[in-house]
Amino acid sequence: MDVFDAPSVAIDGNAIRKIREEKRLTQLYVAKVVGVTTDTVSRWENNRYPTIMRDNALGLAEALEVDISEILQHGDHEASEVNDPLPESKKKYWIYFLLLACFVSVALVFLFIQSGPSPVSDLQAKRILPSFAAPGSRVLIQVELSSKMPLKGMILKEKFPDGWHMSEAEPPVSHVDPETGVAKWIFRKPPLTSKVFYVLRVPDTVLPDADTTIEGELIANPEGQRSAAIVQPTGRMQIKPVHWADKNGDLVIDDVEILEVSDLTEEAKSLDLNWDLLESIWEIGSYQWDNEKQQFAAVRLPQGS
């Protein structure tokens with residue numbers, strides 16, 4: 001019986017523990033992805049539960065980012081001998097039946113491919129980048145996630161340029177790899193559309209021509225089949241002493257820009273976007289970057305500007 005048809009499967013606890021530790025994942029992280037407790041994950045790794053439900057095995061493979069075959073027991077199972085062989089006429093009947101079944105299966109696969117896009121194309125992710133990032137400053141990044149079908153869960157991964165660090169996020173990040181710096185968010189039964197906001201701290205030593213590429217991936221598991229989509233960026237950040245909210249880089253936070261930031265502040269309520277400074281810049285008229293203090297400061301525009 002195929003693993004996708006069996007109600008339960010036999011798992012290899014030693015393999016599960018080895019894969020988790022190699023990928024530097026915690027039992028808490030794995031438990032959140034699968035939707036179980038850390039005690040359950042511990043029992044799986046210690047072979048206290050030699051068999052588990054098929055859905056849990058699929059979720060476990062998803063959390064460990066491996067094919068499900070890598071966490072299953074692979075013992076030798078000898079086929080039992082049949083004492084009474086089938087009559088020759090019945091053997092021919094079964095051969096014809098199997099040939100017909102193969103033909104129907106191939107036809108169904110062909111029709112499925114021709115009928116429309118796969119679930120992968122129904123999964124989309126877009127990253128909205130600010131136009132500017134000043135060395136030593138904090139910038140806001142937005143990621144919009146969408147799916148055309150309901151999902152049991154999905155995982156967002158974001159990898160930042162070397163030296164860039166995430167200081168806070170909404171919703172809170174689920175796991176950050178201390179070595180690679182990859183941030184991961186877990187969503188259980190997410191809505192068809194959702195957003196992630198996070199604040200990145202720009203290194204104060206970053207150069208104007210530095211690589212500002214952020215790499216990301218959205219992974220889902222609709223109906224037991226792994227689907228993934230690359231997070232597509234919109235725009236590119238330039239390293240300049242310009243505030244991230246200043247879209248046109250004129251050193252002024254105008255009415256339209258302050259309204260856009262106000263909307264973002266409402267959506268990402270838990271993040272510290274330094275609204276007081278933005279409002280001060282908007283009221284006074286302009287701003288500049290203070291290298292010594294590593295922060296922006298509001299300045300008045302000259303008369304007649």
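The values are calculated or read from the model by the stated rules, or taken from the named source; none is laboratory data. As the structure is a prediction and not an experimental result, all values here were calculated from the model. Every residue, glycine among them, receives a Cβ derived from its backbone with ideal geometry; neighbour counts consider all protein chains shown. Protein only, heavy atoms only, side chains kept; ligands, DNA and RNA dropped before computing areas. Shrake-Rupley method; radii C 1.70, N 1.55, O 1.52, S 1.80 Å.
Step by step: first the residues of the range 9-32, then only those that are charged (D, E, K, R) and either under 18 Å from Pro50 (Cβ atoms) or part of a helix (DSSP H, G or I) (or both), then the one that is modelled with the lowest pLDDT. Which residue is that?
Start the filter on the range 9-32 by keeping residues that are charged (D, E, K, R), which leaves 12, 17-18, 20-24, 32.
Checking which are either under 18 Å from Pro50 (Cβ atoms) or part of a helix (DSSP H, G or I) (or both) leaves us with 12, 17-18, 20-22, 32.
Values: Asp12: 90, Arg17: 91, Lys18: 92, Arg20: 89, Glu21: 89, Glu22: 89, Lys32: 86.
Across the range 9-32, the extreme among qualifying residues is Lys32.
Under 6 Å by Cβ, and 6 or more places apart or on different chains, what pairs join a residue from the range 291-302 that is closer than 20 Å to Asp250 by Cβ with one that is among the hydrophobic types (A, V, I, L, M, F, W, C) and surrounded by 10 or more Cβ atoms within 10 Å (Cβ to Cβ)?
The qualifying pairs are Phe296/Trp289; Ala298/Ile281; Ala298/Ile284; Arg300/Ile284.
Are there any pairs with C-beta distances below 8 angstrom linking a residue in the range 158-174 that is at positive phi to a residue that is open to solvent by 50 Å² or more (accessible area, probe 1.4 Å), with the two at least 6 apart or on different chains, and if so which?
Gly163/Thr205
Go through the range 26-67 and report how many residues are touching a residue at least 12 places away in the same chain (Cβ under 8 Å), within 20 Å of Lys157 (Cβ to Cβ) and surrounded by 17 or more Cβ atoms within 10 Å (Cβ to Cβ).
The total comes to 12.
Residues that are modelled with pLDDT of 90 or more and under 17 Å from the mean Cα position of the chain (by Cα): does the range 232-247 have at least one?
Kept after step one, since they are modelled with pLDDT of 90 or more, are these residues of the range 232-247: 232-234, 237-247.
From the residues that got through so far, the ones that are under 17 Å from the mean Cα position of the chain (by Cα) too are 232-233.
Within the range 232-247, one or more residues are modelled with pLDDT of 90 or more and under 17 Å from the mean Cα position of the chain (by Cα).
If a residue has to be in a loop (DSSP other than H, G, I, E, B), closer than 14 Å to Glu158 by Cα and either open to solvent by 90 Å² or more (accessible area, probe 1.4 Å) or among the aliphatic types (A, V, I, L, M) (or both) to count, how many in the range 180-195 make the cut? Write out each step before concluding.
Just the residues of the range 180-195 that are in a loop (DSSP other than H, G, I, E, B), to begin with: 180-182, 189-192.
Then drop every residue that is not closer than 14 Å to Glu158 by Cα, which leaves 180-182.
Next cut, either open to solvent by 90 Å² or more (accessible area, probe 1.4 Å) or among the aliphatic types (A, V, I, L, M) (or both) only: 182.
Total satisfying the criteria: 1.
Could you say whether any residue in the range 196-212 is farther than 24 Å from Leu28 by Cα, open to solvent by less than 10 Å² (accessible area, probe 1.4 Å), assigned to a loop (DSSP other than H, G, I, E, B) and among the acidic types (Asp, Glu)?
no
For the range 280-298, give me each residue that is touching a helix residue (DSSP H, G or I) at 6+ places or on another chain (Cβ under 7 Å) and either among the hydrophobic types (A, V, I, L, M, F, W, C) or open to solvent by 40 Å² or more (accessible area, probe 1.4 Å) (or both).
Going through the range 280-298, the residues touching a helix residue (DSSP H, G or I) at 6+ places or on another chain (Cβ under 7 Å) turn out to be 282, 287, 296, 298.
Across the range 280-298, the qualifying residues are Trp282, Phe296, Ala298.
Which condition breaks for Ile281 when tested against (1) assigned to a helix (DSSP H, G or I); (2) free of Cβ contacts under 8 Å to residues at least 24 places away in the same chain?
(2)
Taking the range 233-265 only, how many residues are among the β-branched types (Val, Ile, Thr) and within 25 Å of Val206 (Cβ to Cβ)?
Of the range 233-265, the ones among the β-branched types (Val, Ile, Thr) are 234, 239, 242, 252-253, 256, 258, 261, 265.
Remaining after also requiring within 25 Å of Val206 (Cβ to Cβ): 234, 239, 242, 252-253, 261.
Final tally of qualifying residues: 6.
Which ones in the range 255-269 are open to solvent by 90 Å² or more (accessible area, probe 1.4 Å) and in contact (Cβ under 8 Å) with a residue 40 or more places away in the chain?
Let us first name the residues in the range 255-269 that are open to solvent by 90 Å² or more (accessible area, probe 1.4 Å), namely 255-256, 259, 263, 266, 269.
Lys269 - this is the single residue of the range 255-269 that is open to solvent by 90 Å² or more (accessible area, probe 1.4 Å) and in contact (Cβ under 8 Å) with a residue 40 or more places away in the chain.
Return a yes/no flag: does the range 1-23 have any residue that is within 21 Å of Ala220 (Cα to Cα) and touching an Asp or Glu at 6+ places or on another chain (Cβ under 6 Å). Explain how you work it out, then say what you get.
As a first pass, look at the range 1-23 and keep what is within 21 Å of Ala220 (Cα to Cα): 3-5, 16, 19-20, 23.
When the remaining residues are screened for being touching an Asp or Glu at 6+ places or on another chain (Cβ under 6 Å), the result is 16.
So far as the range 1-23 goes, yes, one or more of its residues are within 21 Å of Ala220 (Cα to Cα) and touching an Asp or Glu at 6+ places or on another chain (Cβ under 6 Å).
If I go through the range 173-192 residue by residue, how many of them are farther than 21 Å from Glu65 by Cβ and either at pLDDT 95 or above or aliphatic (A, V, I, L, M) (or both)?
Narrowing the range 173-192 to residues farther than 21 Å from Glu65 by Cβ: 191-192.
When the remaining residues are screened for being either at pLDDT 95 or above or aliphatic (A, V, I, L, M) (or both), the result is 192.
The qualifying residues number 1.
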